[in-house]
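S.K.: Let me give you the structure first, and then I'll get to my questions.
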Amino acid sequence: MITVEKCTEHLAGMVRIPTVSNAELAKMDFSKFQQLHDYLRVSYPLIHQKLKLEIIGRAGLLYSWKGTGKSDQLPLVLIAHQDVVPEGDLSLWKYPPYEGVVAEGKLWGRGTTDCKCNMMSILEAVEHLLETGFQPGYDLYIGFGYNEEVMGGEGPAAGLIVDTLRDRGVKPGCVIDECGGVSKGNRMGYEGMIASIVVAEKGYSDFELYVEHKGGHSSVPPKDSAMKLLAQAIIAVEENQFPYRITESVKANVEASARLSDDEKSLLLRDVEGNWDKLLPIIEQDPYLSALFHTTTAITMASGSEQANILPQRASVIINCRALEGDTLEVIQEHFEDIVPQGVKVRLVKGGNPPRASKLHSHGYDLIQSICEENYPGIVTIPGYMLGGTDSRYYSDICENVYRFGSFLSEGNWGPAHAANECIPVDILTTGPEFFVKFITRY
Ligand SMILES: [Zn+2]
């Protein structure tokens with residue numbers, strides 16, 4: 001049985017184990033992940049009896065539930081991440097971040113919303129289905145990585161899980177991950193309910209622009225210093241933005257969202273192609289729209305010499321890029337090389353190509369939509385688009401239908417992810433597992 005009490009207890013139990021990730025593997029405490037795995041084993045006994053469990057990489061979890069073979073559907077993969085971001089300034093927390101406190105109708109703590117609730121949601125649903133004797137006709141996999149919050153760190157766990165599936169010839173028909181979900185009365189000035197099924201996300205990459213120089217004493221500065229060249233490069237990047245353009249997933253997202261309001265801008269956004277000339281100046285002025293319609297380049301870090309009276313031998317800036325589909329790492333690198341002054345070199349620090357956008361309609365997408373319509377009559381479905389990134393991007397390599405759909409109902413009263421006072425109302429905790437019970441049984 002799926003009950004508020006059980007969902008709350010299990011999520012609180014997970015939150016009490018601080019599975020904080022770090023970009024440096026050596027700085028991660030994997031004993032905490034071990035503790036979490038032990039906790040899951042006790043909390044979800046049937047899953048651990050009936051499903052095959054493998055540890056992937058240092059602490060990745062891959063559960064396999066063999067189907068009866070009676071369904072023609074390709075395998076279903078449900079994913080989330082075990083890791084959380086650090087708690088930050090403890091004094092800002094109303095309740096301690098790792099005690100799983102229930103107060104004011106909410107469960108408080110790091111990971112309650114991002115995204116141990118998604119782990120709970122999936123596990124609760126599968127445990128319940130096992131209790132009822134259900135077995136899927138298709139193969140079902142559950143994958144939980146351990147370094148989503150640090151962009152995969154020194155080796156993305158989600159990538160390792162995808163490699164494992166690929167090596168075994170598993171071709172998923174649908175993947176469901178965190179983000180998106182059902183919201184009520186708090187989005188874009190629209191009072192009704194919205195189901196956001198996120199179909200695409202931007203690509204993440206960091207490039208370094210650097211200048212190497214002979215350095216020396218600052219009392220005898222050269223005519224063209226490293227910093228001068230670098231400054232020219234920075235200005236060139238700012239003045240040569242990637243062009244604005246329309247991609248299918250952004251267009252679908254923006255047009256569907258625009259139908260929820262009727263202000264002047266929304267009316268134009270309902271037909272992005274038809275109104276492109278009028279929209280361009282609006283997009284340029286609006287940082288959010290701007291980010292949707294082109295590859296962004298944010299200059300975020302700079303370094304020169306170590307001391308005020310030393311000329312730098314190496315001066316550099318980091319540009320964090322968020323790429324639209326089509327702008328590969330090569331395209332971005334060439335763009336920078338074309339515009340920076342001579343003497344400035346360009347180097348990819350890390351990143352990947354933007355993942356392929358998922359189909360706007362498929363068995364999986366349509367099923368999410370129909371369950372939402374059944375659960376919340378009158379709900380509007382929007383194909384979502386994410387400016388940030390999730391573990392989903394690795395799965396896009398092996399599946400055309402990767403959807404970020406968080407399964408819970410949100411009424412705008414969750415505590416913020418990645419900040420102090422992250423919390424989730426307990427009375428909606430069954431909405432996630434109940435969604436997955438329907439999805440798994442009808443897929
Ligand atoms: Zn997350």
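S.K.: So which of Y385, Y365, Y395, Y403 ends up being out of contact with any helix residue (DSSP H, G or I) (no Cβ under 9 Å at 6 or more places or on another chain) and either buried (at least 23 other Cβ atoms within 10 Å of the Cβ) or under 25 Å from E248 (Cβ atoms) (or both)? Can you show your working first?
M.R.: On the way: Y385 fails: out of contact with any helix residue (DSSP H, G or I) (no Cβ under 9 Å at 6 or more places or on another chain); Y395 fails: out of contact with any helix residue (DSSP H, G or I) (no Cβ under 9 Å at 6 or more places or on another chain); Y403 fails: out of contact with any helix residue (DSSP H, G or I) (no Cβ under 9 Å at 6 or more places or on another chain).
Result: Y365 is the single residue among Y385, Y365, Y395, Y403 that is out of contact with any helix residue (DSSP H, G or I) (no Cβ under 9 Å at 6 or more places or on another chain) and either buried (at least 23 other Cβ atoms within 10 Å of the Cβ) or under 25 Å from E248 (Cβ atoms) (or both).
S.K.: Out of the residues in the range 242-287 that are of a type in the set (D, E, K, R) and assigned to a helix (DSSP H, G or I), state the one that is surrounded by the most Cβ atoms within 10 Å (Cβ to Cβ). Give the derivation first.
M.R.: Step one: list which residues in the range 242-287 are of a type in the set (D, E, K, R), which gives 245, 248, 251, 255, 259, 262-265, 270-271, 273, 277-278, 284, 286.
Going one step further and asking which of them are assigned to a helix (DSSP H, G or I), we end up with 248, 251, 255, 264-265, 277-278, 284.
Details: E248: 14, K251: 19, E255: 17, E264: 10, K265: 14, D277: 7, K278: 11, E284: 14.
The residue in question is K251.
S.K.: What strands (runs of 3 or more DSSP E), lying completely within the range 52-152, carry at least 3 residues that are over 20 Å from the mean Cα position of the chain (by Cα)?
M.R.: 52-56, 60-65, 106-108
S.K.: Next question. Given L107, L46, which one is surrounded by 19 or more Cβ atoms within 10 Å (Cβ to Cβ) and at pLDDT 95 or above?
M.R.: Values: L46 fails: surrounded by 19 or more Cβ atoms within 10 Å (Cβ to Cβ).
After ruling out the rest, the residue left standing is L107.
S.K.: Please note which strands (runs of 3 or more DSSP E) are completely contained in the range 310-421 and include at least 2 residues that are within 16 Å of the ligand (Cβ to nearest atom) and over 20 Å from A298 (Cβ atoms).
M.R.: Qualifying strands (runs of 3 or more DSSP E): 402-404.
S.K.: In the range 368-382, how many residues are surrounded by fewer than 16 Cβ atoms within 10 Å (Cβ to Cβ) and touching a helix residue (DSSP H, G or I) at 6+ places or on another chain (Cβ under 6 Å)? Don't jump to the end; show me each part of the working.
M.R.: Residues of the range 368-382 surrounded by fewer than 16 Cβ atoms within 10 Å (Cβ to Cβ): 370, 373-374, 377-378.
Restricting the remaining residues to those that are touching a helix residue (DSSP H, G or I) at 6+ places or on another chain (Cβ under 6 Å) gives none.
Here the count works out to 0.
S.K.: Report yes if some residue within the range 119-128 is touching a residue at least 24 places away in the same chain (Cβ under 8 Å), under 19 Å from K32 (Cβ atoms), of a type in the set (G, A, S) and in contact with a helix residue (DSSP H, G or I) (Cβ under 9 Å, 6 or more places away or on another chain); otherwise report no. Break it down stepwise before answering.
M.R.: Filtering the range 119-128 down to residues touching a residue at least 24 places away in the same chain (Cβ under 8 Å) leaves 119-128.
Then keep just the ones that are under 19 Å from K32 (Cβ atoms); that gives 119-120, 123.
Next cut, of a type in the set (G, A, S) only: none.
Within the range 119-128 (the criterion being touching a residue at least 24 places away in the same chain (Cβ under 8 Å), under 19 Å from K32 (Cβ atoms), of a type in the set (G, A, S) and in contact with a helix residue (DSSP H, G or I) (Cβ under 9 Å, 6 or more places away or on another chain)), the answer is no, since none of the residues qualifies.
Table: residues versus (1) without any contact (Cβ under 8 Å) to a residue 24 or more places away in the chain; (2) more than 16 Å from the ligand (Cβ to nearest atom).
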| site | (1), (2) |
| --- | --- |
| D139 | no, yes |
| A158 | no, no |
| I161 | no, no |
| T164 | no, yes |
| R168 | yes, yes |
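S.K.: Turning to a different aspect of this structure: Check off (1) within 16 Å of the ligand (Cβ to nearest atom); (2) buried (at least 23 other Cβ atoms within 10 Å of the Cβ) for V182 and give me the number that stays unchecked.
M.R.: Going through the list (1) within 16 Å of the ligand (Cβ to nearest atom); (2) buried (at least 23 other Cβ atoms within 10 Å of the Cβ), V182 breaks only (1).
The values are calculated or read from the model by the stated rules, or taken from the named source; none is laboratory data. Just so you know, these numbers come straight off a predicted model, no measurement behind them. A quick note on method: Cβ atoms are made from the backbone with ideal geometry, for glycine too, and the neighbour counts reach across all protein chains shown.
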